[in-house]
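Shown next, in C-alpha cells, is the structure this report addresses.
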Amino acid sequence: MNIQNYIFELEKTQNELLNALGSSTIQQLTHKEKDKWNILEIIEHILITERTIVNIIIKPSNELSQSDEIIGKGKLYEVLINSINKKITTIESLKPKGDIQDIIYFKSIFKTHREAFKKDLQTGKIIIDSRVFKHPYLGDMTVVDWLYFLLYHTQRHLQHILVVLNSSKYMLIIHEVEDYKAWETIFDNAAQIRKEAGEISYQVLIFQNDTNKVVHFSKWCSHEAAKTFFESPLLVKIRADAGVQSPEFIYLNELRNGIL
C-alpha cells in the first residue's frame, strides 16, 4: 500500500464531505424519511466507525495473513461503492447515539480525528503488516483491507448524503386572497414555522392581471414534510385568517436547471 496515495484519497474524501455539509441547511441535516438516518446521524456513524477501525488495527493479532490483502481493494470497492443501494446491516455499537447536533461541532472533531489518523499512518504508529482482524459480515480482513474499508465506507455514505442534498423538492401554491397586504403579514409571521417544518427557500409572485392571485413557490427538504405542513390544522386556520380561498397545491420534482 502506498501511504501517500492513501492519505491523498483520505483528504480528498474529507474535503468533499465537509464541503457538502457546508452547503446544507438545518432542514436537510435533520430531515428523516421512514426508517432511514438523517444526515447528522450518518456523519456520526462515519465518525464512530472510523474511530472503531483505528482502535481495531492498532492492536496485536494472533492471526497473520500470507498476503497484504485478503478481500482486496477491488472487492471492497465493489461491495461498498458499486453496490451502494444494497443495504448493509449496522451493528449496534456503530449506530448513531444523537451526539452530533450541529455541523460546526462535527467538523471540529472529525478534522481532529483525521489529523491524528494520518499522523499515525505517517509515523508508523499504525503498523501496516499482515495482521488479521475479523469483520462481523465480511470475515477476515488484513490491516490494508481495513484501511480501504474505512476509506470506501466514508465515500459510500458521502454518496448517500449527496443524494439527500441534491434531491430537493418544490411546492407551487396558488392562492386566491381577499387582500394581499393582509396575506403578506400573516405569511411573514409564519416564516419561522415554515422553516422549522422544512422550507428551505421561497419566492412570492402575483398574477400580472390579478394582484390578489398570489403564487408561493418554495423549495423543501421533502414533499412529505411540505405535505404534512400545508395540510395541518394549523395551516388551515392560518389560511382562513389570511383570507385564502381554495388554494391549489402542486408538488414538483426538479429535472434540470441552468442559467442563460
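Computed from the coordinates by the stated procedures, all read-outs in this text should not be read as laboratory data. This structure is a prediction, so every number in the text was calculated from the model and none was measured. Methodologically, a virtual Cβ is constructed for each residue, glycine included, from the backbone with ideal geometry; neighbour enumeration extends over all protein chains shown.
What is the fewest-to-most order of 21, 205 by other Cβ atoms lying within 10 Å of their Cβ?
Working: 21 21, 205 12.
Going from least to most buried by this count: 205, 21.
Could you work out the relative contact order of the chain, using alpha carbon pairs under 8 angstrom and six or more residues apart, expressed as a whole percent? Don't jump to the answer; show the numbers that get you there.
Numbers: 307 pairs, mean separation 59.3, N = 260.
23 percent.
Each residue of the stretch 63-76 in turn: what ³J(HN,Hα) in whole Hz from Karplus with 6.51, -1.76, 1.60 and θ = phi - 60°, glycine and Pro shown as x?
In residue order, the calculated couplings are 10, 10, 9, 7, 9, 5, 10, 9, 7, x, 4, x, 5, 5 Hz.
Only four residue types carry charge here, +1 at the Cβ of Lys and Arg and -1 at the Cβ of Asp and Glu. Report the dipole size of the stretch 1-88 about the Cα centre in Debye, rounded to the nearest 20. Could the numbers behind the result be given before it?
Numbers: 10 positive and 12 negative charges, 52 e Å.
Dipole magnitude for the stretch 1-88 comes out near 240 debye.
Rounded to two decimals, what is Rg over Rh for the stretch 40-127 when you use alpha-carbon atoms and the Kirkwood radius?
1.00
Just the Cα atoms of the stretch 169-253: what Rg and Dmax do they give in Å?
That works out to 11.9, 34 Å for Rg and Dmax.
Go from 0 up to the bin containing the longest alpha carbon distance in the stretch 81-205, width 10 Å each, and give me the % of pairs per bin.
Using 10 Å bins, I get a P(r) of 8, 24, 27, 16, 12, 8, 4, 1 for the stretch 81-205.
Please find the FRET efficiency linking residue 240 to residue 34, where r is the Cβ-Cβ separation and R0 is fixed at 35 Å, and quote it to the nearest 0.05. Write down the numbers at each step before the final one.
On the way: r = 32 Å, r/R0 = 0.91.
The calculated FRET efficiency here is 0.65.
So what are the ³J(HN,Hα) numbers for the stretch 211-217, from phi and the Karplus equation (6.51, -1.76, 1.60; θ = phi - 60°), rounded to whole Hz, Gly and Pro as x?
6, 9, 9, 10, 10, 10, 10
With only alpha-carbon atoms counted, please give the Rg and Dmax of the chain, in Å.
Both quantities, over Cα of the chain: 24.3, 81 Å.
DSSP loop trypsin sites (Lys or Arg not before Pro) in the stretch 1-54 with at most 13 other Cβ atoms within 10 Å of their Cβ, which ones? Spell out each step's value before the answer.
Working: sites: 12, 32, 34, 36, 51; in loops: 32, 34, 36.
Taking the stretch 1-54 and a limit of 13 other Cβ atoms within 10 Å, the loop trypsin sites (Lys or Arg not before Pro) found are 34, 36.
Would you work out the relative contact order for the stretch 169-253, in percent, from Cα pairs under 8 angstrom that are 6 or more residues apart?
Relative contact order comes out at 50 percent.
Which of 153, 245, 170 sits farthest toward the positive end of the charge dipole of the stretch 124-260, with +1 on the Cβ of Lys and Arg and -1 on the Cβ of Asp and Glu?
My answer, from the dipole projection, is 153.
With runs of 4+ DSSP H residues as the only contributors, calculate the mean residue ellipticity of the chain at 222 nm using -39,500 (n - 2.57) per run, divided by the residue total and rounded to the nearest 500.
On the way: 10 runs with 127 residues, N = 260.
Estimated from H runs of four or more residues: -15500 deg cm²/dmol.
Counting only other residues whose beta carbon sits under 12 Å from that of residue 198, what net charge do I get with K and R as +1, D and E as -1? Before the final figure, lay out each step's value.
On the way: positive: 32, 169, 194, 195, 219, 227; negative: 33, 196, 199, 224.
Summing Lys and Arg as +1 and Asp and Glu as -1 gives +2.
Which pairs in the list 181/213; 95/195; 87/107; 12/73; 32/227 are over 22 Å apart, alpha-carbon to alpha-carbon?
In this structure, 95/195; 87/107 lie more than 22 Å apart at Cα.
Between residue 7 and residue 91, with labels modelled 7 Å along Cα→Cβ, what's the label distance in nm to one decimal, could you check?
3.0 nm
Are there DSSP H segments in the chain that both extend 15 Å or more along their axis (alpha-carbon positions) and score a mean Kyte-Doolittle hydropathy of at least -1.0? List them, or say none.
Details: long enough: 3-22 (28 Å, -0.28); 39-57 (27 Å, 1.30); 103-123 (29 Å, -0.47); 143-165 (33 Å, 0.79).
Those that pass (Cα extent of 15 Å or more, hydropathy at least -1.0) are 3-22, 39-57, 103-123, 143-165.
When ranked by the protection proxy of mean other Cβ atoms within 10 Å per residue, highest first, what sequence do the peptides 153-162, 234-243 form?
With the highest mean Cβ count within 10 Å placed first, the list reads 153-162, 234-243.
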